[in-house]
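Comments concern the structure below.
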Amino acid sequence: MADPELVKALDYILNRCDEGAIEAVSAAVLRRKRDLAMFGGMGRLPDPKRMAKELASQINVNATIDGLAGTVRNMAARIVRQEAPELDDGQVEELVRAWVPGAGGRRPSAGSAVPAGLLLAMVGQFVAYSQGAMDPAEERELRSEMGAWPDRYWRSFPRAVQAVVSGYLKGEMDEREFNVRIGAALSLGKR
């Protein structure tokens, strides 16, 4: 038997959508396809959209790199504790060190202190906003929570990510090439 939510959504799309609603549905489908392509085979992941909002609301543009790294470490520990409450403090610390470069108190030698999955979610929101494809309600929510969130996101992106995003928004590459290059830019930040 078909999923009742799917049947309801398809009925709405096929029978009641106007042109504006079709554009919103199309943008949502593209975003979901991109998320599945990037995260699909990774199993259960924390919600990157929620993580991006949490981190962006805590980012102080004038903070030091060490302060930002501390914020990321604390957020990662909190997420691990929420997702796996059965772990003891030592196990949580071990996971945080594995997840966040420099989480053992060492400063990462290069790249971003923001986890790749979180950066990817932030890039997705930034690109959708820049292309006018972001749901207005989501944009209002981000703005009410973080103020000038596009500026905060941009400043938190590593230079390699900024270059790829900028090239994509200027039309220098298609979406497929953009996804490949973003993946490469994010993997550079892990080294």
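Considering only segment 152-167, state which residues are without any contact (Cβ under 8 Å) to a residue 24 or more places away in the chain and either acidic (Asp, Glu) or surrounded by 17 or more Cβ atoms within 10 Å (Cβ to Cβ) (or both). Correct list: 164 only. Tell me, which residue of segment 10-26 that is touching a helix residue (DSSP H, G or I) at 6+ places or on another chain (Cβ under 7 Å) and assigned to a helix (DSSP H, G or I) is modelled with the lowest pLDDT? Here the answer is 25. Within segment 128-149, if we keep just the residues that are farther than 22 Å from residue 22 by Cα and crowded, with 17+ Cβ neighbours inside 10 Å, the residue that is modelled with the lowest pLDDT turns out to be 146.
The residue list 102, 90 contains one member that is at pLDDT below 90, among the small types (Gly, Ala, Ser), in a loop (DSSP other than H, G, I, E, B) and farther than 23 Å from residue 26 by Cβ, which is 102. Quick one: in segment 105-127, of everything that is part of a helix (DSSP H, G or I) and touching a Gly at 6+ places or on another chain (Cβ under 8 Å), which residue is modelled with the highest pLDDT? The qualifying residue modelled with the highest pLDDT is 119.
The values are calculated or read from the model by the stated rules, or taken from the named source; none is laboratory data. What you are looking at is a predicted structure, and each value in this text was computed from that prediction instead of being measured. No Cβ is skipped: glycine too gets one built from the backbone with ideal geometry, and neighbour counts run over all protein chains shown.
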